[in-house]
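Nothing in this text is a laboratory measurement; each read-out follows from the coordinates by a stated rule. Every value quoted in this text rests on a predicted model; they were computed, and no experiment measured them. Glycine gets a Cβ as well: all are built from the backbone with ideal geometry, and neighbour counts include every protein chain shown.
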Amino acid sequence: MSIWFALSPLLILTFGVLGLMLADAFSKRHSDLALGSFITFFGAGLMAIGLWIMGGVPAEVAAKVAPWIILDKFTLFFTATLCLGGAISSLLAGGYLPEHDLDRGEFYALMLLSAIGAVLLAAAGEILALFIGLETMSLGVYAMTAFRRTNPRSAEGALKYFLLGSFAAALMLYGGALLYGATGTTTLVGIRDALTGGQFGSLRDPSRLPTVVLSMVFILVGLAFKISAVPFHMWTPDAYQGAPTPATAFMSVVVKGAALATMMRVMLVAFGDKASASWSSGWPPVVAGLAIATMVVANLIAIRQENVKRMLAYSSIAHAGYLLVGLVAAWGQGDPAVAAEGRAALLFYILQYTVTTAGAFGALILCGSRGREAVTYEGLSGLGRRHPAAALAAYYYLRVLVHLYMREPAPGAPQAIPMRSGYVYAALLISAALLLYFGIMPGRSLEMAVAAAKSLG
Amino acid sequence: MNTQQAVADNAHALQPLAAFAAKSWPVIAAGAAGALVPRRESRTERFWFAVAAALTVLFVMLLWPDAAKVAEEAVAPAAEGPAYPHLISWLIFIPVIGSAVVLFTPRQATRAVQLVTMLTMAAELGATALLFKVPIQEGKWWLEESVQWIPSWGIKYHVALDGISFWLIVLTSVLTPVAVWVSYGSIHTRLKDFSFAFLMLQGAMVGSLVAIDLFLFYVMWEAMLIPMYVLIGVWGGVDRVKAAIKFFLYTMAGSMLMLVAILWLVFKYKSLAGTPSFDLEDLQRLGLPLAAQKWLFAGFALAFLIKVPMFPVHTWLPDAHTQAPTGGSIILAAVLLKLGSYGYIRFGMGLFPHAAHDAGATLAGVAVVGGIIYGALCALKQNDVKRLVAYSSVSHLGYVMLGIFACNPASMEGSILQMVNHGISTGALFLLVGVIYDRRHTREVGEYGGIAKVMPWFAAVWVIVTFSSIGLPGTNGFIGEWLVISGAFMSHGTLGQWGRSQAIGAAVGVILGAAYMLTVTQKVFYGPLDNPKNKHLPDLTRRESIALAPLIVLIFAIGLFPRVFTEPMHASVAPFIQSFNAKWRAPAPEKPVLAPAPEPAAGAAAAKPVE
């Protein structure tokens, strides 16, 4: 197997985005770009699955790009999952952007570029590659958030996201630099080797240990920011609310998924030694605390929201809490059997989360046409009666369900009118079909998650 | 010769006919009586009365243990595999398939939607009828199906049927069509959604009654919640959203604790056996120390007791019932609540015998004081008829739970029979309340009075159902309450010294039950007809009569021929109680242990006692 074939998902995304930018320059109808973007994502995902079916990338081929890019089954699993999220998001964009008069080709290019960063992030086995992936991903998303230029909320959200995101990235970079100083290496495996063995690891000088701990804190904070765990979640509701809804879907699915992948790699591989990954002196209690705070706070705030998109944002934060619980389970008290189960469960969860969340945002998109967007619950009142197909959202979120079906709209209140778009229908059908497939016959995807988890670390 | 031949031929041809006549004369007689006795009715109505009467008798005759057949079966037990290997799956999936068909029926074609729904439910009823042909097996599953679902987690699609769940499934299949049929008379908005929700609900209810795998059970248990939530929230009364959310939160809180307990069990099983399993039969081999059993039992029992509901977690029930549409109330009272008591028997007692035994006496006290008596006293003070019936449910479910806690064959059979009885009589009461609510749009007792004069049939049916509800001899309620109370009176082993006083308390509850039901009957139906709005109320419509007919039939069928109904249960209840008693009499182990798997040859014995 040639290395080009092994890297084909990334290459397809890269050449796809270049082609798409060219096509954008010469095409008149931008919504066709959504199809192109979908095909790019689909092709990349298909290549990842194909590589998986061929038994993964052989070790001698993977060694050519290691340790900067790691081509194991874990990477392939995440590549396929991220491409799935990206594919659904680009279909949603194909319906949403023309409807709301935002139809500009850059959106798809930004989305694909950002997805390249996400895949790179999931594959990175070295701190600099990780940082490049992180920045590539984030910059595209910042621009996508600001895409509704006439809307002040969009600008506000984007600015907030950009400032806080840059700050978090700087923290992470600083953490990486400190780690390099302490261990003399930037590869994740190298860091682990430097930290393991002996009471203070093979660190030549135990006085460097505080530096390691400090860098661990910095990196954890940076990653917690990216998956928007409480208390680093402040940007999330504003950015999610301000961004065009397909971008929100992309953020909550792809960005979060990639951040989770890198979090698993960093925490479980680089900081997987006995001292760092321990209940008494390491990161698990911190992550567990973050998880509890995230789940409780986000869910409580989500109850009080009146704006549907903001509610979905808080719900997405709460999901970050569940992911963090999974991360602690993936450590598994150091017991490899328990850890393997926890990792598999976490991977399976991110797959389900991708499908469900993309579907929920898709339903929200479907519920609003130009100028009559579904903003608040009240706007959705009685929608189940007026437009039953759009009431698919009912199956995803409960409080929306109440309003869709059980309330009569208040007289004179602004009401959402569903849009019609083949792209959105297609996205919803895909996510619904996958949802049913994963729900009723989870066996196969679960096996894949188990195999992917095994290849980590 | 020709004539002789012809006569002989005729005789030959007539022979089966004669045999048929000789065998089926009770059916024909009942049909004739049904046609001739009501005088004032039109021909079509008489015809239907005749059919109903004939079918009742036929039903009882089919169930009646045939002496010759029993002897035959005793000599040669059925050696081959079960006659209907996939019947249980059909029972679960017929409604689910029907709901998918409804989903693809145009919304405007309301007749088609109704037709598809009723046909699906008829098919379900037909499949249920096949259940009667399944041979009864003592202490074993009558029917069983087991397929791997998610092997890596030890999750199976394992469904099975025995005498404990048998009548509840029959009850579900009979009452769901009744509830839907009567709802089609009063619900005119969004029939498609309504039918879809009801079919999904039916599938989930049957699914939770037959699930033996705990994961499957949990899935079905949760799947039941959502259609009911929608039914209350969409077609309910004024405060429907609040009631729906209350219902949802209560049930959800309970089932979360159950989920935690299930997972704990599975992980403990895994640590002992090496592989995880959610199967009840596997988990029953787990012997747990008392302290662990108590916590796990608390998790399971809370989920089930909320569903039952038992004091003090019953407060969601009056709200949910009052706000739910008639059909929703019927199915909530008739089947959903029963799943709590059924789950308590199957899982609560099946998995944690020591804890269940220890808690039994205390909980029985709560069931008597907080359920039977307190529920009855609350019912006595209600002005809203539907709320009254809801509190009477709390009271009646107290008997069911008392019978389960007393845990001897009589009381347990009484409990299961009382679950069916309560389903029938309370279902009918909710249906009748719905009838007057549709006419007057109020349920205040004070708004009525003397309406027996304008609605004689309605009054007659109401009085019959009331008698059944307060347990008059000859009706079904009597049998159930009698078995429960006498069982509790004799249960020194389980209820201890308090058994007798609890039986007396339950008997007091019967009197209170008569007090509140007869008071409301007297206030609504008798006395002067002084409210001018009530002067011209129409009597029962044909739709309502057809919905009520099977319930009335069942009230008397169970009341007069109880043995037909308790016999199939007995085959499963007696061995269940035997193994339960054997389990709790053996001391609880100090540390979790795993009993060896039963030999496949002796295998089908469901509950091997843990040594």
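Close amide H pairs (under 5 Å, H built 1.01 Å from N) link A:Glu126 with A:Leu188, residues at least 5 positions away or on another chain. Taking the 0 to 90 degree range and rounding to the nearest ten, how far is the long axis of helix A:106-123 tilted relative to the main principal axis of chain A, both from C-alpha atoms? On a 0 to 90 degree scale, this one is about 30. The label-point distance for A:Ser166 and A:Phe15, in a model that sets each label 7 Å from Cα toward Cβ, rounds to 3.6 nm.
For the range A:81-178, the equivalent ellipsoid derived from the alpha-carbon gyration tensor has semi-axes of 27, 18, 8 Å in decreasing order.
Could you tell me the distance between the Cα centroids of the range B:446-481 and the range B:340-371, to the nearest Å? Between the Cα centre of the range B:446-481 and that of the range B:340-371, the gap is 32 Å. Computed from the C-beta positions of A:Ala23 and A:Ala433, the FRET efficiency with R₀ = 35 Å rounds to 0.75.
The order of B:Ile485, B:Ile372, A:Ile292, A:Ile440, going from fewest to most other C-beta atoms within 10 Å of their C-beta, is A:Ile440, A:Ile292, B:Ile485, B:Ile372. Charge dipole (Cα centre; +1 on Lys/Arg Cβ, -1 on Asp/Glu Cβ; no other charges) of the range A:1-102 amounts to roughly 160 debye.
Residue-wise HN-Hα couplings along the range A:41-57, as the Karplus relation 6.51 cos²θ - 1.76 cosθ + 1.60 with θ = phi - 60° gives them from phi, are 4, 4, x, 4, x, 5, 5, 4, 5, x, 4, 4, 5, 6, x, x, 7 Hz; Gly and Pro carry x.
Can you bin the range A:306-366 into rounded, prolate or oblate? Criterion: square roots of the alpha carbon gyration tensor eigenvalues sorted a ≥ b ≥ c, rounded for a/c under 1.5, prolate for a/b above b/c, oblate for the rest. The shape class here is oblate.
Can you give the angle from 0 to 90° between the axis of helix A:422-440 and the longest principal axis of chain A, with both taken from C-alpha atoms, to the nearest 10? Tilt of helix A:422-440: around 50 degrees. The slack between B:Leu518 and B:Val147, meaning 0.36 nm per residue of separation minus the straight C-alpha distance, is 128.4 nm. Remark: chain B carries a charge dipole of roughly 1560 debye about the Cα centre, counting +1 on each Lys and Arg Cβ and -1 on each Asp and Glu Cβ. Between B:Leu119 and A:Trp68, the C-beta separation translates, for a Förster distance of 41 Å, into a calculated FRET efficiency of about 0.05. The label-point distance for B:Gln15 and B:Met61, in a model that sets each label 7 Å from Cα toward Cβ, rounds to 2.1 nm. Need one word for chain A: rounded, prolate or oblate. Basis is the Cα gyration tensor (sqrt eigenvalues a ≥ b ≥ c); a/c below 1.5 gives rounded, then a/b vs b/c decides. Cα axes put chain A in the prolate bin. With neighbours defined as other Cβ atoms within 10 Å of a residue's Cβ, the residues A:Leu456, B:Leu201 order from fewest to most as A:Leu456, B:Leu201. Stokes-Einstein diffusion for chain B, with the hydrodynamic radius set to the Kirkwood value over Cα pairs and evaluated at 20 °C in a medium of 1.002 mPa s, equals 85 µm²/s. Each of B:Tyr437, B:Gly450, B:Gly423 was scored by the projection of its Cα onto the charge dipole of the range B:390-461, and the greatest displacement toward the positive side belongs to B:Gly450; charges sit on the C-beta of Lys, Arg, Asp and Glu. Classification of the range B:496-568 by its C-alpha gyration tensor yields an oblate form. The axis ratio a/c (a ≥ b ≥ c) is 1.5 or more, and b/c is at least a/b. Across every pair of non-identical alpha carbons in the range B:378-560, the mean reciprocal distance, once inverted, gives a Kirkwood radius of 16.8 Å.
Look at A:Phe78, A:Phe232 and count the other Cβ atoms within 10 Å of each Cβ; fewest to most, that gives A:Phe232, A:Phe78.
Could you list log10 I(q)/I(0) for the protein assembly as shown at q = 0.06 Å⁻¹, which the Debye formula gives when each Cα is one point scatterer? Reported log10 I(q)/I(0), two decimals: -0.55.
The charge dipole of chain A, taken about its Cα centre with unit charges on the Cβ atoms of Lys, Arg (+1), Asp and Glu (-1) only, comes to about 600 debye. Across the options B:Gly509, B:Thr566, B:Gly493, the greatest Cα extent toward the positive end of the charge dipole of the range B:466-611 (unit charges at beta carbon of Lys, Arg, Asp, Glu) belongs to B:Gly509.
Distance between the 7 Å Cα→Cβ label points at A:Asn307 and A:Glu60: 5.8 nm. Ordering B:Pro550, B:Gly163, B:Ile577 by Cα displacement along the dipole of chain B toward the positive end leaves B:Pro550 in first place; charges were set at the Cβ atoms of Lys, Arg (+1) and Asp, Glu (-1). Considering only Cα-Cα distances, which of the following residue pairs are longer than 26 Å: B:Lys338/B:Lys386; B:Lys386/B:Lys535; B:Lys268/B:Lys338; B:Lys246/B:Lys338; A:Lys454/B:Lys268? Checking Cα-Cα distances, B:Lys268/B:Lys338 exceed 26 Å.
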